[in-house]
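Engineer: First the structure, then my questions, so here it is.
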Amino acid sequence: MNILILCTGNSARSILGEAILNHLGQGRVTAFSAGSKPKGVPHPGALRLLARRGIDTSVFRSKSWNEFTTPEAPRIDVAITVCGNAAGEACPVFMGAPVKAHWGLPDPADVEGSEAEVDAAFEATWTALEARVRALLTLPFETMDKARLLDALSQIGQMEGAA
């Protein structure tokens with residue numbers, strides 16, 4: 001299953017989601033991330049967190065969702081937005097994905113303060129995303145119809161920390 005994690009800037013939450021899905025879902029899912037208005041580079045807090053977790057940061061870049069709309073792009077089975085639209089943030093709507101879900105979370109990139117405070121916000125986002133990814137990976141999604149998968153993904157999106 002190919003999963004695209006979307007947010008506006010593709011610099012923080014979506015990058016972390018891509019990393020967690022690829023790390024924990026080895027063999028079952030391939031994750032990508034993109035944004036409707038990419039920042040151009042991943043947030044330094046996201047890169048620090050990935051490095052602390054032993055994940056190679058060189059593979060991550062902030063990119064446009066347009067990369068996933070070309071004929072050469074991988075087929076996207078699921079598109080998950082991670083924007084905190086309850087906080088007034090606009091979430092992108094990806095066209096063409098058979099199953100779409102929303103896992104809204106506060107943006108750690110919005111946190112101002114010391115490096116330690118920013119890193120704590122990224123850790124909290126990682127924890128929330130990791131719980132959602134682990135819940136997804138317990139599902140028999142390979143055999144679920146689209147309606148059941150959408151319902152399950154929606155329930156996962158309501159887990160603690162949802163924005």
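The values are calculated or read from the model by the stated rules, or taken from the named source; none is laboratory data. Remember, it's a predicted structure, so these values are computed and weren't measured experimentally. Backbone-built Cβ (ideal geometry, glycine too); neighbour counts: all protein chains shown. Just the protein is used for accessible areas: all its heavy atoms, side chains included, with ligands, DNA and RNA removed. Shrake-Rupley method; radii C 1.70, N 1.55, O 1.52, S 1.80 Å.
Engineer: What three numbers, in Å, describe the spread of the alpha carbons of segment 14-90 along their principal axes, ordered from the longest?
Structural biologist: Computed over segment 14-90, the largest-to-smallest principal extents equal 34, 33, 23 Å.
Engineer: Let me ask something additional. So how much accessible area does LYS146 have, in Å² to the nearest 10, using a 1.4 Å probe?
Structural biologist: For LYS146, solvent-accessible area is about 130 Å².
Engineer: Considering only protein heavy atoms and a probe of 1.4 Å, how much of the accessible area of segment 101-163 is carbon and sulfur, as a whole percent?
Structural biologist: Answer for segment 101-163: carbon and sulfur cover 53 percent of the accessible area.
Engineer: Scan around VAL41 for amide H atoms under 5 Å from its own, H built in the peptide plane at 1.01 Å from N, and keep only partners 5 or more places away or cross-chain.
Structural biologist: Answer set, sorted by chain and number: SER62.
Engineer: OK, next. If you find the alpha carbon centre of segment 1-57 and of segment 132-161, how far apart are they in angstrom?
Structural biologist: So the separation of the two Cα centres works out to 19 Å.
Engineer: Do the sum for the chain: with -39,500 (n - 2.57) for every DSSP H run of n ≥ 4, divided by all residues, what is the mean residue ellipticity at 222 nm, to the nearest 500 deg cm²/dmol?
Structural biologist: Mean residue ellipticity, 222 nm, calculated: -11500 deg cm²/dmol.
Engineer: OK, next. Of all accessible surface on segment 23-68 at a 1.4 Å probe, what whole percent is carbon and sulfur?
Structural biologist: 53
Engineer: State the answer as a single residue: which of LEU24, VAL78, SER58 lies farthest towards the positive end of the charge dipole of the chain, with beta carbon charges of +1 for Lys and Arg and -1 for Asp and Glu, about the Cα centre.
Structural biologist: Of the options given, the answer is VAL78.
Engineer: Show which aspartates and glutamates lie in cross-link reach of LYS146 when reach means a straight Cα distance below 13 angstrom and same-chain residues fewer than eight apart are skipped.
Structural biologist: ASP77
Engineer: Cα-based Rg of the chain per 2.2 N^0.38 Å, rounded to two decimals?
Structural biologist: 0.96
Engineer: Then there is this: Can you list the DSSP H helices in the chain whose Cα atoms extend at least 30 Å along the helix axis and whose mean Kyte-Doolittle hydropathy is 0.0 or higher?
Structural biologist: 115-138
Engineer: Relative contact order for the chain: what percent, with Cα pairs under 8 Å and sequence separation of 6 or more?
Structural biologist: Worked out over the chain, it gives 25 percent.
Engineer: Under 5 Å between amide H atoms, partner at least 5 residues away or on a different chain: which partners does ALA31 have, H built in plane at 1.01 Å?
Structural biologist: Long-range HN contacts for ALA31: ILE3, ASN22.
Engineer: Another question, then. Considering only DSSP beta bridges where both residues belong to the chain, give the percentage that are antiparallel (nearest 5).
Structural biologist: Close to 0 percent.
Engineer: Can you give me the three principal axis dimensions of segment 103-156 from its C-alpha atoms, in Å, biggest first?
Structural biologist: Largest to smallest, the principal-axis extents are 46, 16, 12 Å.
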